[in-house]
1. For the stretch 86-132 and the stretch 246-290, what is the centre-to-centre distance using only Cα atoms, to the nearest Å?
2. Quick one: dipole size for the stretch 72-346, taken about the Cα centre, charges +1 on Lys/Arg Cβ and -1 on Asp/Glu Cβ, in debye to the nearest 20.
3. Relative contact order (percent) for the stretch 202-292, with alpha-carbon contacts under 8 angstrom and 6 or more residues of separation?
4. What is the local net charge at GLU210, summed over the other residues whose Cβ is closer than 14 Å to its Cβ (Lys, Arg +1; Asp, Glu -1)?
5. Neighbouring Cβ atoms within 10 Å as the yardstick, rank HIS20, HIS330, HIS253 fewest first.
6. Length gain on complete extension for the stretch GLN90 to LYS191, per 0.36 nm per residue less the alpha carbon to alpha carbon distance?
7. What net charge do the residues around LEU422 carry, taking every other residue with its C-beta under 11 Å from that of LEU422, with Lys and Arg at +1 and Asp and Glu at -1?
8. How would you rank PHE115, PHE46, PHE24, going from fewest to most other Cβ atoms within 10 Å of each one's own Cβ?
Amino acid sequence: MLDKSPRPTGVNVPNDLAAHWMPFTANRAFKKNPRLLAGAKDMHYFTADGRKLIDAAAGMWCTNAGHGRAQISDAIAKMAATLDYAPPFQFGIPQAFELASRIAELAPKGLDHVFFCNSGSEAADTALKIALAYHQINGQGGRSRLIGRVRGYHGVGFGGTAVGGIVGNRKIFGSLLAGVDHLPATYDREKQAFTKGEPEYGAHFADALEDLVNLHGANTIAAVIVEPMAGSTGVLAAPKGYLKRLREITQKHGILLIFDEVITGFGRLGFAFAAERYGVLPDMITFAKGVTNGAAPMGGVLVRDTIHDAFMTGPEHMVELTHGYTYSAHPLACAAALATLDIYRDEKLFERANALESKFADAVMSLKGQPNVVDIRTIGLTAGIDLAPSADGVGKRGFAGLNSAFHDNDIMLRAVGDTLALTPPLIVTEDQIGEIVDKVGKVIRAVG
Ligand SMILES: Cc1ncc(COP(=O)(O)O)c(C=O)c1O
């Protein structure tokens, strides 16, 4: 018999938080001093103890249209009452087809097909699998190497973890995938510190791909995956010309290029997709987060016609790609996404982000000179503020900043290591940008 009797908890206060093992969270610290959220509307969160926090993180790079959008929750409720679930294998729902067409319409021409999943992690793994399968059916099965980038983040699946380059996310998980290599990160503080927008320095970091081609042979490499702006590592914009150069080199060697736009998709950099901002056409784009404004889990991969069409051969009763998820194109997620895209279009939120970019950059850059601020980077409606690590450990100052923000300054921000990341909903007003910067200044001084 399993012992189900009440047991003493190892967590001292309050013990009813014990059962939930929280993701990517310092669990013991959280449970001693919880940051509990109970509601959200527009630019604000409401805490469980009734305080109102300005959201400088769009939740977690998700709620680009702000919180509590009735149009989205109504669409979800209506869909739940009409069609709670439908199997996505061998059956379809009209909303999934409509949504795929609308996302493809927003994407650069040529990226005309969408494969749905439920998260950014699944989107990364899906794109990597499509790349491998594409080369297989194209008679180039020797192309099995996958290349990511140091400091890259592509979620937590085995594929995404393997191509990811944030050391702490990889090193306790064994050997991951074989045949993976990494490009260098695009960041050099000495040459790039306090840059607004794309740094002038660093296009040459793309040339490292030629070295990997020399090392492994082009005919062993399936794909390169990069974020146009590396978000989770602390907001690193691509240097000027870097992505173009990466495209040229991949194209020259028959290597597929995947942009992970889980953060940059849906307006974060002032365009539907960052590929448009940079005038670079990748072979696949992964997306998630903003596609439903965070209101329902959804991810997906935009795929080039040539890749999609290569699969559309063989007997017509046969499955062309043996991949998918029980909840691919879930009705509630489709409903949420369609309503979200309506809001983005009707309120011109991508254009709004574009128009606000330089004001946001100027405002955040005014924090230069505050205690321990060693770099500030801005791109689109996003900023990373690097604080010098405190003497008692890397990440402690950033963590103290997260707590100071939440408990003492009524602002929600993201802290990754000692970097504070700001990425507000695209509905943010100029006054609210001022309020955010003011509060972040207080946080920085509090942990100085
Ligand atoms: C670029 C990128 N790819 C993938 C992911 C993983 O997404 P998810 O947490 O939805 O699996 C994230 C999450 O932050 C991300 O920023």
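1. 15
2. 660
3. Normalised by residue count, the contact order of the stretch 202-292 is 29 percent.
4. The answer is -1.
5. HIS20, HIS253, HIS330
6. Contour length minus the Cα-Cα distance gives 31.0 nm.
7. +2
8. PHE24, PHE46, PHE115
Every read-out reported here was derived from the displayed coordinates using simple, explicitly stated rules and does not represent laboratory data. Since the structure is predicted, the reported quantities are computational estimates derived from the model, not experimental observations. Every residue, glycine among them, receives a Cβ derived from its backbone with ideal geometry; neighbour counts consider all protein chains shown.
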